[in-house]
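Take a look at the structure set out below.
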Amino acid sequence: MPKYLISFEKGAMDHIPAEDFPQVGKDAHAVCREAKDAGVLIFTGGISYDTEDPLLAANPAVVGTDGLITDGPYPESKELIGGVFVVDVPTREEALQWAAKVAAACRCAQDVRMFMDDPEAV
């Protein structure tokens, strides 16, 4: 079955008041459990950009073909990913239905993209 990346940009949830975040977390976890119970969830998670705690920091870096490491996102990238939800579903329409559930739970729009099928990849 095709796998789909459902994601949102860093900052997409900035409009949510701090007091609403516990409920957002509960709602998002409910969607994750639903997808897991349905057998379609491959992976999900938010991206950490905590620069205060080195154990949590996941600041973007680019590793070139020559092995050179440059801090920061790839120069052509316009947005950073805030969170991802990967599902394995038979149709694009089903992926869009899951994206709608994630969007409602996270209170922000979701980007949906299908992974290329590569039988050689593990």
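A short reminder: the numbers here are calculations on the coordinates, not readings from a lab. Here the structure is a predicted model, which is why all the values come from computation and not from measurement. Because the Cβ atoms are built from the backbone with ideal geometry, glycine has one as well, and the counts that use them run over all protein chains shown.
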Worksheet item: Based solely on its DSSP helices, what 222 nm [θ] is calculated for the chain when runs of n ≥ 4 H residues each add -39,500 (n - 2.57) and the sum is averaged over all residues, nearest 500 deg cm²/dmol?
Response: -8500 deg cm²/dmol
Worksheet item: Given a cut-off of under 8 Å on Cα pairs at least six residues apart, what relative contact order in percent is computed for the chain?
Response: 46 percent
Response to the item:
The answer for ILE81, listing residues at least 5 apart or on another chain whose modeled amide H is closer than 5 Å to its amide H, is LYS10
Worksheet entry | Estimated distance in nm for a label pair at ASP14 and VAL122, the labels positioned 7 Å out from Cα along Cα-to-Cβ | 4.0 nm
Response to the item:
Scalar couplings 3J(HN,Hα) for region 20-36 by Karplus 6.51 cos²θ - 1.76 cosθ + 1.60 (θ = phi - 60°), nearest whole Hz, x for Gly and Pro, are 8, 4, x, 5, 4, x, 4, 5, 5, 5, 5, 5, 4, 5, 4, 5, 5
Discussion item. Taking just the alpha carbons, could you work out the radius of gyration and Dmax for the chain, both in angstroms?
Written reply: 16.0, 47
Fill in: In sequence order, calculated HN-Hα J values of region 96-103 (Karplus, 6.51, -1.76, 1.60; Hz; x Gly/Pro)
5, 5, 5, 4, 5, 5, 5, 4
Fill in: Ranked packing of 33-46, 99-112, 4-17, most packed first, by mean Cβ within 10 Å
99-112, 4-17, 33-46
Practice prompt. Using amide H atoms built 1.01 Å from N in the peptide plane, name the residues 5+ places from LYS3, or on other chains, whose amide H lies under 5 Å from its own.
Written response: PHE115
Fill in: Burial ranking of peptide ranges 22-31, 85-94 (average Cβ count within 10 Å, highest at the top)
85-94, 22-31
